[in-house]
Ligand code: PRT
Ligand code: ZN
């Protein structure tokens, strides 16, 4: 039995760069060479498999890959109504988008009953229609879904949206969001014993990297009498460190804030008498 862990990621597309980046930040060194399907890590017993995103759920379900990064939209579409061995383990916070139904601008109040809807996500759409007792016909099409209303192939579409620019350019109006999606880490449910240890290590490291993205380390000086008020303003921080300063009326406060620090928060801290406020990025967190 193979002892090396295989992580599948999208070969080239919207998920590729951030997937590679996350793997590298998790301390897994590898070099992706040209058109090669596989890259071997030189510091851990891990292989990276580069594939089309549509193939990822079945590769993980069959055990050809142990872990993988894929859009939740693809994961759900390919596993819905099917017995499978995939399990979502982490939301990764990138490639966020939504799967929405959109109709031509001149039919903003369109009712879906008896309409023809074109989509590349027939399973998710059918489930939505069934759950909401809507009888409509679903046409499965790969690519250029947004053009189908204009060639008479559909009345409306169900497609991924991120900025909304594609819908706008095609005079389409978003009428219903049916799923929110982002990149997720998935694993095979039945990992062999000899792979669980390394898989857990990868999952924990990736968790550490994504938690660190929004986290900041905050350092500031404050008057002793304001410490409580100031600590309340530090978002997502557990028990900050209070350090005495030469001036007996003042202390330094250091805190790991696991939520973003906006300018507004810094201004509120300043209004409470905080000075020398430093906000620093955090690279990794191991809880
Ligand atoms: O070749 P392969 O099969 O691997 O890739 P692919 O072409 O099927 O997928 P790819 O690389 O386009 O997308 C991979 C994943 O990125 C998707 O499954 C989603 O999880 C995620 N993602 C995030 C998106 C978008 N945002 C997105 N905007 N995938 C597609 N789009 C498309 C959408 O289909 C529409 O055509 O972008 C257009 C809309 O974008 P806006 O910004 O104009 O709204
Ligand atoms: Zn694809």
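Here are some notes:
- Residue check, residue 189 modelled with pLDDT under 95, farther than 30 Å from residue 157 by Cβ and more than 19 Å from the chain's Cα centre (by Cα): no
- Yes/no for residue 169 being assigned by TED's automatic domain parsing to the domain that holds residue 71 and more than 16 Å from ligand 2 (Cβ to nearest atom): no
- Verdict on residue 59 being surrounded by 13 or more Cβ atoms within 10 Å (Cβ to Cβ) and more than 15 Å from ligand 1 (Cβ to nearest atom): no
- Residues located in segment 222-246, provided they are buried (at least 18 other Cβ atoms within 10 Å of the Cβ) and part of a strand (DSSP E or B): 222, 237
- Hits in segment 126-172 - residues which are touching a residue at least 60 places away in the same chain (Cβ under 8 Å), surrounded by 17 or more Cβ atoms within 10 Å (Cβ to Cβ) and more than 21 Å from residue 14 (Cα to Cα): 172
- Each residue in segment 102-125 was checked for being in a strand (DSSP E or B) and either in contact (Cβ under 8 Å) with a residue 60 or more places away in the chain or within 16 Å of ligand 2 (Cβ to nearest atom) (or both), and 4 pass.
- Elements of type strands (runs of 3 or more DSSP E) contained in segment 23-101, each with 2 or more residues being assigned by TED's automatic domain parsing to the domain that holds residue 187 and in contact with a helix residue (DSSP H, G or I) (Cβ under 6 Å, 6 or more places away or on another chain): 67-71, 86-91
- Look at segment 37-55: where a residue is under 14 Å from residue 68 (Cα atoms) and a partner is more than 15 Å from ligand 1 (Cβ to nearest atom) and part of a helix (DSSP H, G or I), sitting 6+ places away or on another chain with Cβ atoms under 9 Å, you get 46/23; 46/198; 46/202; 48/23.
The values are calculated or read from the model by the stated rules, or taken from the named source; none is laboratory data. In this text the structure is predicted, and so the values were computed from the model without any measurement. Cβ atoms come from the backbone with ideal geometry, glycine included; neighbour counts cover every protein chain shown.
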